[in-house]
Amino acid sequence: MIKAILIFNNHGKPRLSKFYEHYSEDTEQQIIRETFHLVSKRDENVCNFLEGGMLIGGSDYKLIYRHYATLYFVFCVDSSESELGILDLIQVFVETLDKCFENVCELDLIFHVDKVHNILAEMVMGGMVLETNMNEIIMQVDAQNKMEKSEIKTRHILSCIPQYKIQYHSHHSCHYYGDLTVPLFQCTSRIRDH
Amino acid sequence: MSDVVEKTLTALPSLLSFDSQLGSAKLSSTSKLGNLIRGITELTSKHEEEKLIQRELSSIKEQVSSPNTTMRQMKELMVRTIYCEMLGYEASFSYIHAIKLAQQGTVLEKRVGYLAVSLFLNESHELLLLLVNTVLKDLQSTNLIEVCMALTVVSQMFPKDMIPAILPLVEEKLNHPKEIIRRKAVLALYKFYLIAPNQVQHIHNKFRKALCDKDPGVMTASLHIYLQMIQENPEGYKDLTVSFVTILKQVVGGKLPMDFNYHSVPAPWLQIQLLRILSLLGKNDQSTSELMHEVLDESLRRAEMNHNITYAILYECVKCVYTIHPKSELLEKAAKCIGNFVLSPKINLKYLGLKALTYVVQQDPKLALQHQMTIIECLDHPDLIIKRETLELLFRITNAQNVTVIVEKMLDFLRITKDDHTTIDLVGKVAELAEKYPSDNEWFIETMNTVFSVGGDTMQPDITNNFLKLLSEGFDSVEEDRKLRLFAVNSYVSLLRGEPGKLPQRFLQVISWVLGEYSHLREDLEPATVLRLLAKLLVMKNSSSETKTWVLMAMIKLSAGGAGVSVAQEVSETHSSSLDTVMRQRAQELQHLSQDSELRARVLPRGAGMQPVEVDSSLSFLDGFVSEALAAGAAPYKPPHQRQEELAQTKALSLEPYALSLPISMSSCSITDRQSPTLLSMSSGLSGDSTDLSHKGGSTTLKLDGVKRVWGREGYLAQRESVEEAAQVEVPSPLMSPSQQGEGDRSHSQIPTLTPTPESEHEKQQLASSLFVGLASQSSVCLMGKSEPAPQRFRRKAKGQCTSLSTSEQMFNSLVCPPSTVDNLLCNNLLDSNITAEPVLSSPERTSQLSQGLTAANGTCDMEAGLTDSDVKGSNPALIGDDCVVAADPAPHEDPNRPEDLCLTSHLPAELSGLSHSEITPLCTDQSLHLSACHVLKEDSLVLVVFITNSSDSAIQQIRVQVDSEELEVCCVCDSPVEELRSHSAAVCQYSLTAKKPSVHIEVVGMVSYLLPAGTPQAVQFSYKLPLSSFIRPLTVSTEEYGSMWLAFAHDTKQNLTLISDGQEPLTATLNVLKKKLQLHVVEIIGVEGIVACRLLQDQPCLMHCRVHAGTLAVWLRSPIPDLPDCLIYHCQRALQGH
């Protein structure tokens, strides 16, 4: 079973945290911090598995993580999950995000936490892997979005380009966002090849 | 795209915290957004962030509670709250609003509401009850998305008590036309199964329907449930094996739609799940395993693509192949696969390869040997995780010979790692190894020192307890004990002279206990010196009060006369006013006892750790005090239960009574870790009423010497001997190692050649030879515990060797009796401790002797295995039936085995022939005599029957047989020597055996002396092994008798055994097997519990209590005989394994 899914950036700022088991608020923050601490000091050329932080639950538990540009994606799982399977699941997740957000970057995750959660909910439900097929996930998310769109249309919103994206694509304001706008997927494609 | 804009706009207010006016936020968004993101990125301190978020939260709070806020605005606010909560700021005020949003919003708002609820709340949160109605409503909705949302939230968390309310609705969804709904319903039910298994018991057949769903997605989802249920009870789902195999076959064969492919691998996650299920089903089950061999082979073959996910499948395949009943072809392929993993340049695969090796090394130690060079490289890998995994692997292959090298590697790692979890785990392992294979005193103590200093105060407390217990109980040799303790004292004194401030508290406690107890062993050491060293610990700033108590306790023991008294007085003065009561008490004790040496000698006799402490649990010495108090008008004592009853009756405050405390000295407390709970609780319960107790007094005294040891006397001794032999064997030189491996395992081809290698390579080989020593020999199967398939192999081979002994060797064997028996015994031990002895022997003569000894030893070993495996009681009925047919005929020499058995059977004394007897096994042979033996189970004894056959052409005179055993009482049934044994005839000697002390296997050694016709005296020695089970007889008792016996027995052990079910109820089936194989008496079976009784000849009872728990049989054995429970549990395991 998957116990938790954490996304944080290179500085340890959480971008998404989803726990499938109950921990107190403080413990959750501690887990995020500890996980970041463990993961961030690892080089690029070491294995993607880490064993048992104390907090998440001892020797039966494993951290499986991938690092994309500015973000770490970490899955905490127990021994009933396949390590390599989860590793590829992370890849599926990021690829899906990339499809949904078009060149996904950290900023997308900041602005659309709820949406990322919804995508995740189609992949993992209550700690169990529900769907691993990217097209299927996107189909489900789209079905919900369609409804969303129809609701929005009735409210006469005119523009259809995300404002923050327009802004960061103009060279003026690039420095405002720093590396928050670095597309994650440039890196994912590299990982895919390797 | 418009949705994205919408999101952008809604997200804005959360970032523009100071702007509570929504309208203006929208207008100024483009410019202020950038500022804000930059602001957040540029925040330098946690404090600033906190301020910003708190401001944000208070503005949210204001808005959510305003009645004018629309649901749409509420949704935006919720997203902002989610953000704050993620950063770790509590926003509990919003929880109720999240639930409201999920209740009242439109689909879109509802979704955010549900999301917020699932992120904020947990299944025990009280507000969750408010959600039940909403979920109910949404489950009945016609809008699929609403149904999906409800199912999702239900599988994330749902109050356990409310499950029945929605269960029918969720069940109904299993028939929903949309597969996504069916799939989510399956997972929701799985969740219910996890949190409340009994609630979904009735829908198991619906799970089966889900498994057969036409949509592969629904089927995949149902596998989660099956994996879980099969894990809990593999027996219940064997019938599904064929279905799982068929599914896997179809998936592997590419029968699924292309949509399910991932990097052109068909449904890899599904394959992984199926393989896991199959391995659970095929474990310890040959017939089920056979069903899956084909598909596993196919999977291994198909997974050739070079993508991560194929490796994931391969890994599961390999694990499955090694878990199920073995098939050699598959094992070969799987081993090759593991090789690919281990040798892969990809680090993730290497990691998994090591994991796989660790997993299989118990069954196939050769595999580790094959990859030894890679393993050595991994030891120096820059990635700590790889290193750690390598150590785990080495831990599994540790034996008496490589233990020093492996422990050293582990300690090296411990010194660099900073992760608590790893440290605790590894420290425990080092301690385990050091205790299991202590190579010498010095090494043992130093290793434990490192363990204590590195492990510090985080390590498991039983490490220190076991260590102290070991020191205090000692071994059989008094001299050895003394040396070990003396070494510990020396080492600790020098540590205290160094910088004790750096040592962890636990270590200091160990040090003070050891010094208190044993520093007198070092004669040149004044007690006053030790006292001063200890006193230094008391004034150290970082000493905890617990440590100080230990130190004071040690000082009490040491404060005998002379200079010690003054130090003791000084210390006791400073501490007698301590705020800590325990410490104050110790200080007082120190003060008084240091002055009154007579009293001290009585209270704390030297070496008290070993003596049983007599506890007057009736507290009779208080009787005077009690009667005085009663006379003075005090209320009579009432036992706790009575008091509680009265309290309940009077409806007074129902306060729990204080726990009773017992006066037990620190030293005994620290070493009774395993036993004390039962006995102490018993005596504390009894101490209430002293009248009741007088007749039970004997059984309640706290006896320490017979306490069940983790480190059994026997177990230790065996290892001890082997260690000594290892010392003779010496650490093999690097040059020798290849040949050694060659010797040990000829079939194994991957032997490093002796070509000159560069320095580093050379070092590695040296390391390799020291790490993998002992692995090469065939007898190396008793690694860290299990020793499963290999003994079988070994046995068959040994048989061949046994019969192929040439006559000249036989001559040699019997003529040079004394040395060969020595070797024989030696090799017996060697076999036990899996050491390859051959390579270090230099002279060819000795080699031949030894190898001969080895085969002889193999012979006995073989017999023993045969005895335990074969069901002694029901041994070949044909043999018994035949005994009237064959007369005492000279056995044909060419075919000595079976026919001889037949004719020897006829020699069985008449009074024994009706009883069941074991197979007749040859003991030894020389040029004129052939000895065989069997044992006969009588009701109250065991009879060993030795058959002496004269195989020469002339008569033999004056045959005397002497039989002896350490563990047995042997009495000869007819002790007159056989005066003459004619050519080609047989004589029989009988011995009645009873067990003196239990041991897993009992060995009888004996010698036959006789005169050749020429008058030359000859002697042949032999040994015969008996399993303990042949001494076990049923003990017929009633349940009541059982109950009273149970309480009276002091020695116990607990273990989980595997359950057997042959179609009938598992408990009954398992007990029947035990009854049949071990002759136990099943007293009664009540529901999931059963009680069983047996006795060891003569009349040494052992009781067994069994309970079915979580798919295993939890067994608790009790007996008045110290080692009996342990030995018996071993045989129970064997009996069930063999079944």
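Things to note:
- Length-normalised contact order of the stretch B:903-1049 in % [C-alpha pairs under 8 Å, at least 6 apart]: 21
- Packing around the peptides B:961-967, B:217-223, taken as the average count of other Cβ atoms within 10 Å per residue, puts them in this order, highest first: B:217-223, B:961-967.
- The stretch A:1-104 shape via C-alpha gyration tensor axes, a/c threshold 1.5: rounded
- Along the stretch A:61-66 the Karplus relation, 6.51 cos²θ - 1.76 cosθ + 1.60 evaluated at θ = phi - 60°, assigns HN-Hα couplings of 9, 9, 9, 10, 9, 9 Hz to successive residues, with x for each Gly and Pro.
- Across peptide B:351-361, the mean count of Cβ atoms from other chains lying within 10 Å of each residue's own Cβ comes to 1.
- Taken residue by residue and averaged, Cβ atoms of other chains lying within 10 Å of the Cβ of A:129-137 number 5.
- Multiplying the residue separation of residue B:621 and residue B:1038 by 0.36 nm and removing their Cα-Cα distance gives an extension gain of 146.4 nm.
- Exercise: per-residue mean of other protein chain Cβ atoms within 10 Å, A:78-90: 6
- The protection proxy used here, the mean number of other Cβ atoms lying within 10 Å of each residue, ranks peptides B:180-187, B:106-113, B:981-988 as follows, highest first: B:180-187, B:106-113, B:981-988.
- Most to least packed among B:161-169, B:271-279, A:103-111 [average Cβ atoms within 10 Å]: B:271-279, A:103-111, B:161-169
- Placing a label point 7 Å from the Cα of residue A:27 along the Cα-to-Cβ direction, none of the residues of the stretch B:181-195 has a backbone N under 14 Å of that point.
- Prolate/oblate/rounded label for the stretch B:87-188 (Cα gyration tensor, a/c 1.5): prolate
- Integer Hz, Karplus 6.51/-1.76/1.60 couplings in order for the stretch B:1000-1012, x for Gly and Pro: 4, 10, 10, 10, 10, 10, x, 9, 10, 10, 7, 10, 6
- Cross-link check: pairs B:178/B:255; B:346/B:409; B:366/B:1075; B:110/B:255; B:75/B:160; B:160/B:350 evaluated at a Cα-Cα cut-off of 32 Å; pairs beyond the cut-off: B:366/B:1075; B:110/B:255; B:160/B:350.
- Cα centroid separation, the stretch B:241-278 to the stretch B:191-206 (Å): 26
- Estimated buried accessible area (total), pair A and B, 1.4 Å, Å² to nearest 100: 7400
- For the residue pairs B:483/B:1025; B:469/B:548; A:62/B:429, alpha carbon separations beyond 24 Å are given by B:483/B:1025.
- Taken as Cα centroids, the stretch B:396-424 and the stretch B:490-537 sit 27 Å apart, rounded to the nearest whole angstrom.
- List B:160, B:502, ordered by accessible area with a 1.4 Å probe, largest first: B:502, B:160
- Shape category assigned to the stretch A:60-155 from the gyration tensor of Cα positions, a/c cut at 1.5: prolate
The values are calculated or read from the model by the stated rules, or taken from the named source; none is laboratory data. Computed from a prediction, not measured in an experiment: that's the story for all the values here. Positions of Cβ are generated from backbone atoms using ideal geometry, with glycine treated the same way; all protein chains shown enter the neighbour counts. All accessible areas refer to the heavy atoms of the entire protein, side chains included, with ligands and DNA or RNA removed. Shrake-Rupley method; radii C 1.70, N 1.55, O 1.52, S 1.80 Å.
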